[in-house]
């Protein structure tokens, strides 16, 4: 599996509305790009000197599915908004073992 991590530093003056548009665009992608296996993102809470403002972590089966995601027209629409709002964007893609299966449900708690 490939874990795709993106960190974003917003430009001075980026508005909450711009960030909300990015969040809405990102939120819609898992329903439109079926290669996405796991997808989460959010604004930085610590606000330390070394923090970036926003991060995205997503999981794909392999490099080919990651490439399909990166080239998908719906993803590219969101990337345009991200690039307009960001002063700096950093990414890392690394390989990891497959996600573990969730534990079986206990019928006593259903």
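Any idea what % of Cα-Cα pairs in the chain are farther than 19 Å? Tail fraction, whole percent: 50.
From helices alone, the chain scores -11000 deg cm²/dmol at 222 nm; the rule is -39500 (n - 2.57) for each run of n ≥ 4 DSSP H residues, then divide by the residue total. Between the helical axis of 16-32 and the longest alpha-carbon principal axis of the chain there is an angle of about 30 degrees.
The numbers here are math on the coordinates, done by the rules we state, and not lab data. All values derive from a computational prediction rather than experimental measurement.
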